[in-house]
Every structure is written in C-alpha cells, then in structure tokens.
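Report on the following structure.
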Amino acid sequence: MGQTLTEKILDDHLVEGELETGEEIGIEIDQVLTQDTTGTMVWLQFEAMGLDEVQTEIAAQYCDHQTYQFDFKNTDDHRFLRSAAGTYGAYFSRPGNGICHNVHRENFAAPGKTLLGSDSHTPTPGGLGELAIGAGGIDVTVAMGGAPYYIEMPEVVNVRLEGELPDWATAKDVILELLRRLSVKGGVGKILEYTGPGVETLTAPERMTITNMGTELGATSSIFPTDEQTEDYLERVGRADEYEELQPDDDAEYDDEIVVDLSDLEPLIAQPSMPDKVVPVREVEGQSVDQVIVGSCTNGGYEDILPAAKMLEGREVNKKTEMIVAPGSKQASEMLAREGWVAEMMAAGVNFSEATCGACIGIGHVPASDSVSLRTFNRNFEGRSGIEDDNVFLCSPEVAAAAAIKGEIVDPRDLADELGDLEAPGIELPDEYDGSKTDLITPDEAVDDELVKGPNIGDVPLKDQLDADIAGEALLKMEDNITTDHIIPATQDILMYRSNIDKLSEFTLSRVDDTFAERAREADGGVLVAGENYGQGSSREHAAMCPMYLGIEAVLAQSFARIHRANLFNFGIVPLTIDEDTYADIDQGDEVEIVDDVYDAVTSGQEEFTVRVNGDEEYTATLDASERERDILAAGGKLAWTKEQAEGGSGAAPADD
Ligand code: MIC
Ligand code: SF4
C-alpha cells in the first residue's frame, strides 16, 4: 500500500512504534524552535536535566512575543535566553528580528525535516513540506537533548484542493473555510495533508498561511507536498540546495477526505470571539471599524503586507479608523522599506510597528472599549486583545485594508465596485528575500558561554510522585473550548512572570474566575471540571504548570486539546475524560474523590476510574494514556521522569525537590 507524505516523513524519522493510527510513535526531531515566553522554561529544564549541548541539527531561540520590553523582567528573560542559546549551541534571534515562525521559515524550514517547537503555530513550515509540530516546552527540551518525541499516530486527512482562487479570495479564506466547516476542534488528533490540482496554484507563503492556522482547527500538523512553488520560494530565500521533491504515493490511503474548490471561495471573516465563527464578509458588511491590524505569524509576511500596501497606494485610511501594520519579520520590514512601501503606507495613515507578536496577545494596540478591530491574525479568543468583551474579527490583509479605507467592514469586491479603480492586488513574491541577517546570531557567533539569570528568572517547579489518593473540591466548573488564554493569559501584566511560577500562578484561570488562585491555594488541592476541548490554543506549559503549583491534582473534562493534554501529563496532573451526563451532574463546589488507588491504577494500566461525588453518587472517568505517559504521571511529571531515566531507574520514584 502506498504512503501519504506524512507517513513517508514519519517513516524516515521513526525510532519507536508503528505507523498505526492511535498507536504511540517516537520520532527523531531534526530542528527545534522556541520563543521568549516559553523558552525560559525550556532552558531552565535543559539545565535541570543536566544536559550540556543541543543535539538537534538546528535549535533556534527567538525573541518575539514581548519585544517592547516594558519591564526589566522581559529584558531579563531575553538576556537569559541569549546566554542559554550561546551556552548550549542554539541560534539566537534578537528581540525585534521577527516572529519565530516567520524567521524560521526564512532561514531554516526545509522539506522532509521534522520540527518541534514550543509554540502552537510551529506547523507553519508544513507549507514547505516540513513536518512541524507544536509542543509544550519540556517536550522541546527533551527533543533538543537528542531524545525522540512521542505522539499518538494521528489520522491523516486528505484536504483535496481543486480549482484556483478567484480575485479577492486568498489563502486566509481557504483556512477560514475549513474552520467554518470543521470548527476549532475539527482537527484534533489529525494531520491535514493537502493534495490535488489546486495545490500548484498556491505559492509557498500562501501555503504557510494555511498550515499556520491549521492550529486553530486543533490539528497536530498540516502539510503540503513540494513542487516548483516550493523550489521557487527556497531559491528566493537563498536556500535552493535544500529543495527536495516530496509527494504522497498515488495509491496512498487517507483516513478521511475533504474537498475544497478554491474557485468557490469568497472573502470570509471570523466573527468575535472564536476563529471558527466564520461567515462571508458580505454578511457583516457595514459595521463600523475602529482599528485594523495587518500582521502576525499568519499574515505578516512581505507577501501579506504588500497587497494591503498596494490597495492603500494613493488612498487614505478612513478618518474614523486606525491602521497598524505589524510585520512578521524585520526582513519583511526592511524589504518593504527599501522598496518605498513603508513610506507609502505611512503617507496613507498607517502606523508601522516593529516585527513582534505584540497586539496578537494584547501587548500594544489594545482596542478601545466597545470598539471593532479587524485583524489578519489567527486567534480572536475573548479578551486576548487586552480588553474584556472585545470585538475582534479575523480576515485576510485584503479585507483588512478594504475596511481601513472604507471605515467599515466591506467585501473588497464591493469596495472595488464603489471605487472603480481598485484592482485585486493578488500575490507577489520578491525576486530575492534579501534582508540583513545581522539579528540572527549563529552558535559560532555566540556572545555568552554561561547562563545569565536576572532576579526574574525563577526555578522550575517540581511535583512529588503521584499520590494514591486524589480527593478535593471541584474548584471550578468550566464550559467547552476553554483556551490556555483563559488558564494563563498572555497580556503584558501577566506575561512578564513566565519565568517566575510562584507569581504567575496567582493569575491562574483569572479570566474565568479571578478568585480561583486564592481559593485553590487555600484548599490545598482539588480538581477542575471542564467541557469539550479543554486547553485549546497555545502550547504554553504554564497552563499546566501553574494549576499543578496551586495543588490541582486532576482535570475531569469531556475532551482535551492535544498539546494541553500532553502538558498535563508532563506536570503530573491526571487528565480524566468524563461523559456529558457526568459533566452535567458535577457542580462547582462538589467534593470529588477518585475511589481507586490512583498511583496503582495509573501504573497498572487501568483505564476506568470511579469518581465519587459528595460521598454519594458514583461515575466513571477514563484515563486514555500510553505506558510512557502513565510512567511520567506516576513520577510526578516529565522532569522527574527524565531524571529517573538518566539515572537508569525504572518505575516511578519520588521527585527530588
Ligand atoms: C499564542 O499565540 O497564544 C502564543 C502566545 O504564541 C502561544 C505561546 C505562548 O503562550 O507563549 C502559542 O501559540 O503556543
Ligand atoms: Fe505570536 Fe500571535 Fe503567532 Fe502566537 S499566534 S506566535 S502570539 S503572532
């Protein structure tokens, strides 16, 4: 039987297991990436494991999320990260050089390689035929130390693209269409592999907009085959020699198939406050727009900003609207500046930002109260923009620029009719991506050879071995689709404590209930209850680390998002799945007890657990876990488990703290 492209790359990197859907496999990782807000823990864990040198072909440390350095704590983090990259042999991308995914695709992404990154949008280089997966920090640490990465073999879904995008429909509309059809949990446990005649009509950057935002479907990864478009892009970034032709076999078998006819697509928009609340732009036309931002790792490339710039050439941003361009990389800014586009945009009324994640997580350009913001980003979870009850819409750069011109949401086709001389800008790649590389410090150019820890750099929190008894109050009951932004928000006031877990944990679940952290501390233990898709969104392991630090021992949810589920194991919290009726019956404040000896049950492979509520009603909860995951849980988390492995121990032993 023929293989899918996903299977071919996995096969090439397989060190353990078989490529059977649902089976645990271990794969070799060629490249890792980390960024400033997850990276500090990655390196602290690298140090705590006693590792002394990066083992992967490429390890890259980017500083992108909080580059404004509002507080010395941010700068301390960056200083520490430069010292860690230098000490252990990683590339270091200076603050302001750009968003990890953009800089990585410009410099390192290559067909056929595997990439693991401590950021959920790591799958971006799937558009170049790289198998790239987002993970929690400690998984990246371990892979960087040379160990395999373990995942359940996902289903491989064939997303067959037909036809060609009409004028004004873009790559963003392809992924918005998939979100419209499949929802934010439609990709969980799946890798989306793009095939079909429509593929060759998309340039590599367009493909990377699609693979980037596959994360919003909950997918493990997304990947395109490679062809002339891939080769063309690699030539333009000066890495033609890294091209390799990769295609699935003709008789490859997929677990499922979705067909998208590109010719049927039209400008789409995700309404507040979920990326899957997608409708045609025409359905929401006429709403007044206060703010427009073009940028982020989804649509912040040179090729994304250029169409907006062309639309604004000789025009003005509407007086009632503010428009910001936040490029994905300094290279994009530099090239647009050299070509005169930055000046053109400024003349039109655009405020040009440094290359940073910034506004995407509420750092800068926070919308006004009761205002509407249109962004070319990938997430619009409520409050993520920095203000509660925000109204953030997600769209393509073309739709964003049209709104900036008109001052209201408008389908660019209608605006073109109205203006008479507005042409669809289409997609245009530069002849050469020739920005300076001075901000990317290679391991040979390292400036530090020892770790520099300012006062904001704390210790890695550790948990003891798993208890036999888990009992406590259901401290919080939550609905479906709780995001990691709810669990540990990433706004500046909170983000600056990413390396200081004692302080950071005070903000745990504050977006759901701001009394939670205090109640949890007082209760000294307890459980969380949630609906479907608990922990969707980012890869931040802090969303497991902080609840663990506050004493949470188990999460009972109807289902879990992939990365967060792995993070719960990694920090010794038992993720138990419950059905809808059990969910309905447990109330916040109930006393919840796991009747089984949890330690024994976990280590013996038991799947069903009895949960007693208020000393009376009993329900069944399921632990679906591999042997390795059970061992990690029993040890009290991945750090303790890894140390045990290194010491040659077997079975769990109490973590040493
Ligand atoms: C995000 O988009 O939510 C982030 C901020 O990039 C996170 C990483 C983090 O929390 O540091 C992600 O996507 O993993
Ligand atoms: Fe940065 Fe936003 Fe992309 Fe996350 S989604 S990496 S915060 S630009």
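When only alpha-carbon atoms count, how far does the chain stretch along each of its three principal axes, as whole angstroms with the largest first?
Result for the chain: principal-axis Cα extents of 72, 55, 50 Å.
With N set to the residue count of segment 415-496, report its C-alpha Rg divided by 2.2 N^0.38 Å to two decimal places.
2.19
Need the C-alpha centroid separation for segment 543-572 versus segment 359-431, integer Å.
34
Enumerate the amide H contacts of residue 552 below 5 Å, restricted to partners 5 or more residues apart or on another chain; note that Pro and chain-start residues carry no placed amide H.
Long-range HN contacts for residue 552: none found.
Arrange 78, 65 by Cβ neighbour counts within 10 Å, fewest through most, would you?
The most exposed by this proxy come first: 78, 65.
Each reported figure results from applying straightforward, stated rules to the coordinates on display, with no laboratory input. If you're wondering where the values come from, they're calculated on a predicted model, not measured in any experiment. Cβ atoms come from the backbone with ideal geometry, glycine included; neighbour counts cover every protein chain shown.
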